[in-house]
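Have a look at the structure below before the remarks.
The values are calculated or read from the model by the stated rules, or taken from the named source; none is laboratory data. Just so we're clear, the structure is a prediction, and the values are computed from it rather than from any experiment. Cβ: placed from backbone, ideal geometry, glycine included. Neighbour counts: every protein chain shown. Keep in mind that these areas ignore ligands, DNA and RNA; they rest on the heavy atoms of the full protein, side chains included. Shrake-Rupley method; radii C 1.70, N 1.55, O 1.52, S 1.80 Å.
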Amino acid sequence: MHDHRIPPRNDDHIARLRGRIDVLDAELADLLERRALVAAQVQRLKPVGYFAGRDAERERLLVERMAEHAPRLGADRLAAIMDSVISAGLDAAQQEAAR
């Protein structure tokens, strides 16, 4: 008979790794904020801005470049992530502009 119990975890190691994740998440949030601010500047300059001005080809190329740096995620996952990032940034910029 096999023992199928999960082996005991190294809680200290997990806590350290989660701490690293927390630091990375804070850095990611800062980068996303900076990206949203720059994207908002671009939207104000474009003749057709916000959601109507999305450029699918530029977004595709962006994802391809990012996939070179993040092969573990790959283009399909990065496309979904960047679609959310771009949409959130456009939504924030549009909301700001409406004020």
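Points worth noting:
- Taking max minus min of the alpha-carbon positions on each principal axis, the chain gives extents of 69, 28, 22 Å, largest first.
- Net charge of neighbours whose Cβ lies under 14 Å from the Cβ of Ser87, counting Lys and Arg as +1 and Asp and Glu as -1: -2
- Gln94 versus Glu33: modelled label distance in nm, points set 7 Å from Cα along the beta carbon direction: 2.4
- The modelled label-to-label distance between Arg65 and Val23, using points 7 Å beyond Cα along the C-beta direction, is 2.8 nm.
- Under Karplus coefficients 6.51, -1.76 and 1.60, residue-wise ³J(HN,Hα) of segment 86-99 in Hz, glycine/proline x: 5, 4, 5, x, 5, 4, 5, 5, 5, 5, 4, 5, 6, 6
- Once the C-beta distance of Ser84 and Asn10 is scaled by a Förster radius of 25 Å, the resulting FRET efficiency is 0.15 to the nearest 0.05.
- Here the accessible area of the chain is 57 percent carbon and sulfur, with a 1.4 angstrom probe and all protein chains present.
- Within the chain, helix-based [θ] at 222 nm, where runs of 4 or more DSSP H residues each add -39,500 (n - 2.57), nearest 500: -26500 deg cm²/dmol
- Note that the chain presents 85 Å² accessible area per residue, ligands and nucleic acids not counted, probe 1.4 Å.
- The heavy atoms of Ile21 offer some 90 square angstrom of accessible surface to a 1.4 angstrom probe.
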